[in-house]
Amino acid sequence: MLTQINHWMEYANAVIDAFLLLRVLALRLQRTYLFLTLACLLNVFFDVIELSIAHTSPEGERTLVYSNLLFAFVFPLAAWDVFEEIPPALMAFRRSAMLRALTSILMVSFFGLLVALPAFNADNPMDIPFLFRLMVVVSTGSATGCLTFFWVMRKAFRVQKIPFPHNTFVWMMFYGLTLASQIVIWFIVFVEEALGQPSTGVVGEITETIAALYGITITIWCGWKLKALPKDIPSASLNEPS
């Protein structure tokens with residue numbers, strides 16, 4: 001029963017991801033949020049690929065690994081894009097906060113490489129166990145760095161008593177919740193792999209159902225809350241003093 005529910009959840013998730021992308025395009029937010037639009041497009045792209053192949057097949061495993069490694073580099077760009085509507089007074093602070101976040105992500109990626117090295121196979125350098133370990137650590141590091149960036153920017157808004165632009169708040173909440181759930185999932189996966197006891201049976205299916213419902217809910221909320229920008233207000237990056 002749960003297996004069938006999760007199967008249809010995958011289709012529902014793909015439809016909702018497509019809804020968010022169409023919502024962004026309909027509101028013409030891609031003119032301001034280029035990297036966020038790219039992230040939405042990639043979500044739909046990989047949804048289609050994952051629906052066309054079996055998860056347990058070698059192709060399915062590689063799709064999971066490669067897509068998450070790609071998103072580990074896309075998420076910092078999307079996190080930067082979240083604050084495209086901020087006032088010019090915060091642009092310098094935004095750059096310094098992102099620089100610190102990227103530094104921490106690079107350090108974690110290096111640590112991830114060290115963690116993954118025991119699974120490295122010289123005869124097959126693209127072996128799944130090696131890439132999977134690397135993916136878990138790098139993805140977790142990227143998500144953590146982006147969440148730290150959001151926290152620092154939120155603190156800057158509060159200190160300077162600047163109200164959040166509407167879409168900035170919506171995007172920050174959406175990606176904050178998305179990245180937080182990703183950290184929890186990868187932490188569980190990492191612990192299970194270390195213990196050699198992955199979630200199976202009913203427990204694994206229930207976890208998958210909850211994660212799917214969570215992702216669908218926050219994606220619907222984000223798409224519903226986004227608003228079109230006034231035509232006479234360009235991107236904040238264009239207002240930045242030279």
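Derivation of every value follows stated rules applied to the coordinates shown; laboratory data play no part. What you see is a predicted model, and the numbers here were worked out from it, not measured in a lab. Neighbour counts run over all protein chains shown; Cβ positions are idealised from the backbone, glycine included.
Of note:
- Charged-residue dipole, Cβ positions (Lys, Arg, Asp, Glu), region 2-230 about Cα centre, Debye nearest 20: 1460 debye
- Rounded FRET efficiency, nearest 0.05, which uses the C-beta distance separating Ala92 from Ile206 and R0 of 41 Å: 0.30
- Cα→Cβ-extended label distance, 7 Å offset, between Lys161 and Ile53, nm: 5.5 nm
- Separation in nanometres of the label points that stand 7 Å from Cα toward Cβ, at Ile128 and Leu38: 2.9 nm
- Modelled FRET efficiency - R0 22 Å, Glu10 with Phe187, Cβ distances, 0.05 increments: 0.45
- Take every pair of alpha-carbon atoms less than 8 Å apart whose residues are at least six positions apart; their mean separation over the length of region 2-230 yields a relative contact order of 30 percent.
- Region 44-49 - phi-based ³J(HN,Hα) in whole Hz, Karplus 6.51/-1.76/1.60, Gly and Pro as x: 5, 4, 6, 4, 5, 5
- Placing a label point 7 Å from the Cα of Ala26 along the Cα-to-Cβ line, the residues of region 164-194 whose backbone N sits under 18 Å from it are 167, 171.
- Label-zone membership for region 47-91, site Ala18, 7 angstrom Cα→C-beta point, backbone N under 19 Å: 47-54
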